[in-house]
Amino acid sequence: MTRDIASTSQGNGVHAHEEIFRRIRVLKKEMNALILAHYYTVPEIQQIADVVGDSLALARAAEKNDADVIVFAGVYFMAETAKILNPGKQVLMPDTYAGCPLADSCPVEEFRKFKKQYPGAVVITYINSTADIKALSDITCTSSNAEQIIRQIPEEKQIIFAPDKNLGGYISRKLGREMILWQGCCYVHDAFSEPIILNACREHPNAELIAHPECREEVLRHAAFTGSTKALLDYTSSSSREQFIVATEPGILYEMQRRSPLKTFIPAPKDPENPFSVCTQMKQNTLEKLYECMLSRKPEIVIDEALRLASLGSIRKMLQMSPG
Ligand code: 13P
Ligand code: SF4
């Protein structure tokens, strides 16, 4: 069955998708499954998903649903978060090797030592982190609600923010609030640099630069708008501008263009030879792997119950502090 689909998909794109879409829909019904996909996945995954969203929307969708099985097309920490919230449900992932290098940049033992240096500090961690790190944290956040959550922490409290130094730095500057930052970053967003971005702005004088807060300060300072994946989408669909240079993962362009077919979206260049800064881990989610994982119900996310309970508190706290 696998070979059948793989070979057709090379020959005849649209029809091959129709056939695999049909098979996925049949399985979805049989399994009572919910397919969740991040905006950075490939368009055909976004087309078949029940919910396409940013990290926060997907965590919320994982929390509130009546499916028996959750199929998560994203990166590992996202599917793991869905499992932490749903111990009784089967959580499948098309490719469990699709990890997030940002999450991996914060190893648990080093973080434990780091945290010990600041007793009494509130630990806020980006959802892009492992369950071990969430277990050491007071509150989880995403790029959509980080600001809202940090505003609720009393002024006199010290804050440790991990693992993304660019997102932490952005919020720190915006709120005028010092935070102790773990020095991690996302290789996709950190790849944009000021001279190349300015060059793109000169080449497209009518386009507005918009950027994700995981980008460096040297890029964000030139952006007309900075926001999470969902905020960027909402901005482009409601803005009267017609051209945008988009400094984030280019997978988002599919949904931007779908919502605003008459506008022009230019992926921000990384460098002259290699223009797109792509999250290769997100692209590991292919239609074939999605279908296969549903058919075989593997790979499945499994988490130790003690770790699940230890990490659940910080995720629940996030959902309470930023109700949907
Ligand atoms: P958001 O989905 O919160 O915008 O985060 C972007 C990202 O890099 C996800 O891994
Ligand atoms: Fe991780 Fe960056 Fe990829 Fe998001 S875009 S999954 S933060 S590596």
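Read the figures in this text as sums done on the coordinates, not as results from a lab. A quick note: this is a predicted structure, and the numbers were derived from the prediction, not measured. Heads up, the Cβs are rebuilt from the backbone with ideal geometry, glycines too, and the neighbour counts pull from every protein chain shown.
For PHE276, the residues whose modelled amide H falls within less than 5 Å of its own, excluding neighbours fewer than 5 places apart on the same chain, are LYS270.
By the gyration tensor of its Cα atoms, with a ≥ b ≥ c the square roots of the eigenvalues, what is the shape of the chain: rounded for a/c under 1.5, prolate for a/b over b/c, or oblate? Cα axes put the chain in the oblate bin. Every helix of 4 or more DSSP H residues in the chain counts as -39500 (n - 2.57), and over all residues that averages to -13000 deg cm²/dmol at 222 nm. Direction-averaged projected area, Cα convex hull, segment 26-163: 9.0 nm², rounded to one decimal.
For ARG308, ARG151, the sequence from fewest to most other C-beta atoms within 10 Å is ARG151, ARG308. Just to confirm my numbers, what's the Cα centroid distance between segment 158-228 and segment 25-85 in Å? Taking the Cα centre of segment 25-85 as reference, the centre of segment 158-228 is 28 Å away.
Only lysines eight or more places from LYS29 in sequence, or on another chain, were considered; those with a Cα closer than 27 Å are LYS64, LYS83, LYS89, LYS283, LYS289, LYS298.
As a proxy for reagent exposure, ILE20, ILE153 were ordered by neighbouring Cβ count within 10 angstrom, fewest first; the result is ILE153, ILE20.
Contact order, relative form, for segment 18-155: 17 percent (alpha carbon pairs under 8 Å, 6 or more residues apart, mean separation divided by residue count). Starting from the Cα gyration tensor of segment 247-324, take the square roots of the eigenvalues, sort them a ≥ b ≥ c, and report rounded, prolate or oblate (rounded when a/c is under 1.5, otherwise prolate if a/b is larger than b/c, else oblate). Verdict is prolate for segment 247-324.
From least to most packed, judged by other beta carbons within 10 angstrom and beginning with the fewest, ASP164, ASP304, ASP66 follow the order ASP66, ASP304, ASP164. Amide H contacts of TYR126 (H built 1.01 Å from N, in plane; Pro and chain starts excluded): CYS141, ALA162, ASP164 sit under 5 Å, all sequence-distant by 5 or more or on other chains.
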